[in-house]
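Student: Take a look at the following structure, please.
The values are calculated or read from the model by the stated rules, or taken from the named source; none is laboratory data. If you're wondering where the values come from, they're calculated on a predicted model, not measured in any experiment. A quick note on method: Cβ atoms are made from the backbone with ideal geometry, for glycine too, and the neighbour counts reach across all protein chains shown. These accessible areas exclude ligands, DNA and RNA; they are computed on the full protein's heavy atoms, side chains included. Shrake-Rupley method; radii C 1.70, N 1.55, O 1.52, S 1.80 Å.
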Amino acid sequence: MHSHEIRERYLRFFENKGHLRAPSDSVVPDDPTLLFSSAGMVQFKPYFTGERVPPKTRMTTSQKCLRTGDIDIVGTTAFHHTFFEMLGNFSFGDYFKEEAITWAWEFLTEEMKICPDDLWVTVYQEDDEAADIWENRIGIPKSRIVRLGEKSNYWPSNAPSEGPNGPCGPCSEIFIDFGSDVGCKTPECGPDCDCGRFNEIWNLVFTQFNREDGGIMTPLPQKNIDTGMGLERLTAVMQKTKTNFETDIFMPIIEKTAEIFALSYGDNEKTDVALRVIADHARAMVFTVADGVMPSNIGRGYVLRRIIRRAVLKGKSLGFEGLFLEEIIPVVIDLMKDVYPELDERKDHISRTIQAEEKKFQKTLDLGLQKLEEYISNSGEQDKSEIPGSEAFVLYDTYGFPLELTQEIAEEHGLTVDINGFNQAMEEQRRKAREGSDLPATLFAGTLSAISEIERNNTNTEFVGYTNMKSEAKIVGLLYKGGLVDKALEGSEVDVVLDKTPFYAERGGQISDIGTISSATGTIDISHASHAGSLIVHTGKVIVGCIQTGDKVSAEVDAAKRKSIMRNHTATHLLHKALRIVLGDHVVQSGSSVDDERLRFDFTHSYALTTDELEKLEEIVNIAILDDIPVDTMETTLEHAKESGAIALFSEKYSEEVRVVKIGEFSMELCGGTHVKSTSQIGSFKIIGESSIGAGLRRIEAITGTSALNYFMNADKTLNQIAGILKTHASEVVDSVHKIIDNEKSLEKQLSNLQQKSASSAASDLASKAEDIAGVKLIASKVSAGSIDILSSMSDMLSGLIKSGIVVLAAEIDNKVAIVCKVSEDLVKQGCHAGNMIKEIAKVTGGGGGGRPDFAKAGGKDSSKIDEALIKAKELIESNSSK
């Protein structure tokens with residue numbers, strides 16, 4: 001049975017049991033407490049807690065999940081993964097234990113035809129109800145029902161004794177038994193043994209208690225069901241494979257990787273583990289990038305970067321030195337695109353992002369190896385036997401070197417690594433990752449229950465801001481310090497919910513509106529508007545009088561600021577299209593920020609834009625503005641919008657009903673933001689910055705409207721000021737600057753010629769003062785030189801004059817010490833080495849350097865030690881002659 005069929009059978013089975021099939025949520029959840037969706041229930045948390053009303057009390061999904069807690073053992077076991085799909089059925093105050101257990105058994109034994117004798121179950125040791133259902137309702141022999149403690153069979157684990165407080169409950173797990181000839185082969189072996197004989201395939205969580213301080217368990221008024229079954233594990237059972245990796249989910253990826261490396265899967269355990277890790281990580285990186293995450297050094301981006309780098313390192317461990325992920329990514333996409341079509345839609349972006357990171361890491365690895373060699377060399381010079389943990393962590397964190405690799409190379413040189421120091425640095429990095437700035441802030445901390453109560457009584461806030469900047473409304477909810485109140489007095493900072501509003505709530509990169517809400521008795525200055533479920537919450541301060549729940553009010557947006565925001569937002573659509581015209585269709589928007597002062601547009605592209613490309617972008621956008629193109633909007637279905645050619649942003653989550661913004665025949669995108677009525681209202685467009693924000697990602701910053709007008713006026717003013725200083729007309733400023741530069745170059749050339757003549761004259765004088773040190777002519781002198789090149793030229797002249805000998809010259813240039821050393825060819829043949837000499841000479845001045853046997857350069861810090869350094873040159877010659 002193919003994995004796609006298993007997934008579909010599961011979802012259809014529970015649809016037939018009255019469940020609503022929900023699509024998989026992104027691996028990036030709408031939850032500030034989580035980096036990634038780690039279970040099927042994540043997207044349903046508000047339904048479990050009662051903060052939101054579910055569309056149906058029974059739901060089922062196949063959820064994309066990402067976990068990295070066991071990343072170090074992925075590939076070494078049969079069933080652990082970073083990315084996997086979790087099949088789940090959920091009840092929000094509907095059915096409970098008997099139905100959950102009965103349907104799980106029915107699906108496995110009747111739908112999947114798994115032999116009942118091969119199934120074991122575990123229950124919480126105090127859950128007599130679940131044990132009774134398994135034994136007397138299902139008919140499982142008591143010998144195959146195992147009672148375990150709260151660590152194994154409670155969610156969260158150890159909740160009764162350790163917490164946290166909140167909803168929790170016992171769970172029942174279903175295991176497949178591979179037979180007594182597998183694993184430890186002892187008579188007492190059971191599901192709690194980790195020998196490999198038993199594999200957990202399904203976990204049924206019965207959320208029935210609320211834990212309070214002191215471990216007090218209070219029954220919940222609404223009992224919930226949350227189940228999770230790994231698709232990969234069930235597929236291995238149905239396809240009768242030894243591990244998940246031999247299923248149709250992984251084998252095509254493994255086979256392609258083995259082909260690239262000219263290896264075979266199944267011949268060598270070490271090779272097999274590496275191939276499994278690469279296959280697992282390839283799936284993880286594809287889905288993570290597809291859901292909008294980019295490699296970085298914090299938060300989710302850091303996790304993605306580590307996954308890509310682990311895969312690359314596994315390739316290196318197999319002796320492969322080239323790039324290989326770009327050949328594996330298409331295999332992953334082809335395997336999964338029928339179920340997740342967004343992979344195919346975003347394949348170019350996925351491939352470019354991963355390729356860019358792989359190439360970057362290959363270069364970083366080479367740099368890391370050089371860095372490690374420097375550490376080892378310094379340890380030898382300083383007579384140390386240990387590489388500090390902090391330095392090992394830099395190799396791990398910055399250069400991607402696993403600790404084991406650092407230890408292995410260090411051991412080859414007789415060194416150890418400070419593991420405690422490494423672990424301390426690692427924990428600090430994890431703390432920073434948990435606090436990663438790319439995670440959304442919780443805007444309504446402590447107010448969720450109050451917001452939920454308003455939502456239950458008022459279905460939604462009607463947004464009328466697309467057509468109006470002012471509207472009459474009614475206050476349906478008033479919050480002060482997180483709690484519902486009936487009245488708020490002057491000076492109070494409050495959150496206000498209206499039945500309808502013209503205020504745009506921050507979303508999709510567009511900042512919220514500001515303005516006022518006024519009643520007959522008071523006025524609120526609104527500083528921010530945010531979404532909370534189906535409501536829009538206005539945050540502000542009562543500046544006059546008082547306001548009350550139920551008041552009739554006038555809600556008015558700051559029109560000047562809104563118009564500026566609209567100009568910038570419509571300009572991002574024009575810029576997006578212009579980028580695709582100038583650079584190509586590979587350009588995809590990866591983020592944006594629109595406020596009243598400027599716009600920021602992030603997009604996929606590998607190289608910095610040229611001046612010509614930036615000018616072309618400005619020309620295209622400004623021509624579109626001058627053409628006065630109408631900007632129209634329409635509401636339609638997501639499917640129809642895509643069929644019509646509207647661009648959808650893959651980092652956004654869309655409902656079935658979407659809003660399309662169409663700018664004539666120029667541009668069409670899905671967008672919920674506010675826009676001008678025609679492009680001419682933008683005024684003008686000016687790019688003020690272009691930069692890199694990561695591998696394969698660029699950013700353009702631009703301005704429109706009054707900001708652009710002020711920019712042009714200031715630029716004109718500056719140009720006229722420069723013209724005044726140069727005593728010329730503004731139109732002739734460039735020619736005047738070129739003349740100044742040409743004059744400067746001419747003067748520099750004249751100065752250089754004079755310095756060369758001076759150096760030649762000084763060289764003749766120095767040559768006559770050459771000393772004989774142990775039979776070797778030596779010129780060691782402090783001289784005046786404007787640059788290191790002149791110093792080098794002087795050494796060449798002197799060497800030519802004395803024919804055989806050593807020249808050491810030092811000068812103070814730009815407040816630093818510069819030293820050169822020249823050794824004649826005959827002395828090089830006798831073993832003299834300019835590079836070795838200059839290292840020792842430069843040390844005296846607190847510097848260093850090196851070079852060839854015949855010529856070397858060095859720098860120093862302390863110019864007061866130049867004379868002492870020149871004496872060192874004499875000592876080195878004397879020392880060598882005595883050997």
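Student: Evaluate the following for residue 293: is it closer than 21 Å to residue 25 by Cα, among the hydrophobic types (A, V, I, L, M, F, W, C) and surrounded by 19 or more Cβ atoms within 10 Å (Cβ to Cβ)?
Tutor: Here the answer is yes, as residue 293 does meet what is asked.
Student: Still on this structure, please answer the following. Name the one entry in 203, 158, 199, 210 that is polar (S, T, N, Q) and over 26 Å from residue 93 (Cα atoms).
Tutor: Values: 203 fails: over 26 Å from residue 93 (Cα atoms); 158 fails: over 26 Å from residue 93 (Cα atoms); 210 fails: over 26 Å from residue 93 (Cα atoms).
Going through 203, 158, 199, 210 in turn, just one is polar (S, T, N, Q) and over 26 Å from residue 93 (Cα atoms): 199.
Student: State whether the residues of the range 397-408 include one that is surrounded by 12 or more Cβ atoms within 10 Å (Cβ to Cβ), within 29 Å of residue 358 (Cβ to Cβ) and modelled with pLDDT of 80 or more.
Tutor: Looking for residues that are surrounded by 12 or more Cβ atoms within 10 Å (Cβ to Cβ), within 29 Å of residue 358 (Cβ to Cβ) and modelled with pLDDT of 80 or more, one finds at least one in the range 397-408, hence yes.
Student: So in the range 369-393, with the set limited to residues that are charged (D, E, K, R) and modelled with pLDDT of 75 or more, which one is farthest from the chain's Cα centre (by Cα)?
Tutor: The selected residue is 386.
Student: Could you please find all residues in the range 9-44 being open to solvent by 70 Å² or more (accessible area, probe 1.4 Å) and part of a helix (DSSP H, G or I)?
Tutor: So in the range 9-44, the residues open to solvent by 70 Å² or more (accessible area, probe 1.4 Å) come out as 12, 15-16, 21, 23, 30, 33.
Of everything in the range 9-44, those that are open to solvent by 70 Å² or more (accessible area, probe 1.4 Å) and part of a helix (DSSP H, G or I) turn out to be 12, 15.
Student: Has the range 155-168 got at least one residue that is farther than 30 Å from residue 216 by Cα and touching a strand residue (DSSP E or B) at 6+ places or on another chain (Cβ under 7 Å)?
Tutor: no
Student: Quick check: is even one residue across the range 75-89 touching a residue at least 12 places away in the same chain (Cβ under 8 Å), open to solvent by less than 30 Å² (accessible area, probe 1.4 Å) and more than 32 Å from the chain's Cα centre (by Cα)?
Tutor: No, the range 75-89 has no match at all.
Student: Restricting the search to the range 672-692, which residues are at pLDDT 95 or above, of a type in the set (Ser, Thr, Tyr) and open to solvent by 50 Å² or more (accessible area, probe 1.4 Å)?
Tutor: Answer for the range 672-692, where residues must be at pLDDT 95 or above, of a type in the set (Ser, Thr, Tyr) and open to solvent by 50 Å² or more (accessible area, probe 1.4 Å): just 680.
Student: Looking at the structure I just gave you, is residue 518 closer than 20 Å to residue 592 by Cβ, out of contact with any helix residue (DSSP H, G or I) (no Cβ under 9 Å at 6 or more places or on another chain) and open to solvent by less than 50 Å² (accessible area, probe 1.4 Å)?
Tutor: Judged against the criteria, residue 518 is not a match.
Student: Also, quick follow-up: Looking only at the range 112-159, which residues are within 28 Å of residue 12 (Cα to Cα) and surrounded by fewer than 15 Cβ atoms within 10 Å (Cβ to Cβ)?
Tutor: Those that are within 28 Å of residue 12 (Cα to Cα) and surrounded by fewer than 15 Cβ atoms within 10 Å (Cβ to Cβ): 113, 115, 116, 117, 136, 137, 139.
Student: Okay, moving on. Given the condition assigned to a helix (DSSP H, G or I), modelled with pLDDT of 80 or more and hydroxyl-bearing (Ser, Thr, Tyr), answer yes or no: does some residue in the range 352-368 qualify?
Tutor: Yes.
Student: Now, a different point. Taking the conditions exactly as written (within 53 Å of the chain's Cα centre (by Cα) and under 13 Å from residue 860 (Cβ atoms)), does residue 835 satisfy them or not?
Tutor: No, not satisfied.
Student: Next question. Is it true that residue 707 is in contact (Cβ under 8 Å) with a residue 40 or more places away in the chain and assigned to a helix (DSSP H, G or I)?
Tutor: yes
Student: Looking only at the range 332-359, count every residue that is within 25 Å of residue 26 (Cβ to Cβ) and open to solvent by 30 Å² or more (accessible area, probe 1.4 Å) and tell me the total. I'd like the intermediate steps shown before the answer.
Tutor: Restricting attention to the range 332-359, the residues satisfying the condition of being within 25 Å of residue 26 (Cβ to Cβ) are 332-358.
Still in the running and open to solvent by 30 Å² or more (accessible area, probe 1.4 Å): 334-335, 337-339, 341-342, 344-348, 352, 355.
Total satisfying the criteria: 14.
Student: Examine the range 178-197 for a residue that is in contact with an Asp or Glu (Cβ under 6 Å, 6 or more places away or on another chain) and either surrounded by 15 or more Cβ atoms within 10 Å (Cβ to Cβ) or in a loop (DSSP other than H, G, I, E, B) (or both), and state whether such a residue exists.
Tutor: Scanning the range 178-197 turns up no residue that is in contact with an Asp or Glu (Cβ under 6 Å, 6 or more places away or on another chain) and either surrounded by 15 or more Cβ atoms within 10 Å (Cβ to Cβ) or in a loop (DSSP other than H, G, I, E, B) (or both).
Student: Name the pairs whose Cβ atoms lie under 7 Å apart, with the first residue in the range 486-503 and under 15 Å from residue 522 (Cβ atoms), the second open to solvent by 40 Å² or more (accessible area, probe 1.4 Å) and part of a loop (DSSP other than H, G, I, E, B), and 6 or more positions between them or separate chains?
Tutor: 486/549
Student: Can you give me the ranges of the strands (runs of 3 or more DSSP E) entirely in the range 606-700 with at least 3 residues that are touching a residue at least 24 places away in the same chain (Cβ under 8 Å) and either more than 27 Å from the chain's Cα centre (by Cα) or over 23 Å from residue 510 (Cα atoms) (or both)? Lay out the reasoning, then the answer.
Tutor: Numbers: elements: 631-637, 657-663, 667-670, 685-694.
Strands (runs of 3 or more DSSP E) meeting the threshold: 631-637, 657-663.
Student: Those residues that are loosely packed, with under 14 Cβ neighbours inside 10 Å, in contact (Cβ under 8 Å) with a residue 40 or more places away in the chain and among the small types (Gly, Ala, Ser), I need them from the range 551-569; list them, please.
Tutor: Answer for the range 551-569, where residues must be loosely packed, with under 14 Cβ neighbours inside 10 Å, in contact (Cβ under 8 Å) with a residue 40 or more places away in the chain and among the small types (Gly, Ala, Ser): just 559.
Student: Let me ask something additional. In the range 420-501, which strands (runs of 3 or more DSSP E) lie fully inside it and hold 1 or more residues that are at pLDDT below 90, over 30 Å from residue 306 (Cβ atoms) and over 34 Å from the mean Cα position of the chain (by Cα)? Can you show your working first?
Tutor: Values: elements: 470-480, 487-489, 493-498.
The strands (runs of 3 or more DSSP E) meeting that bar are 470-480.
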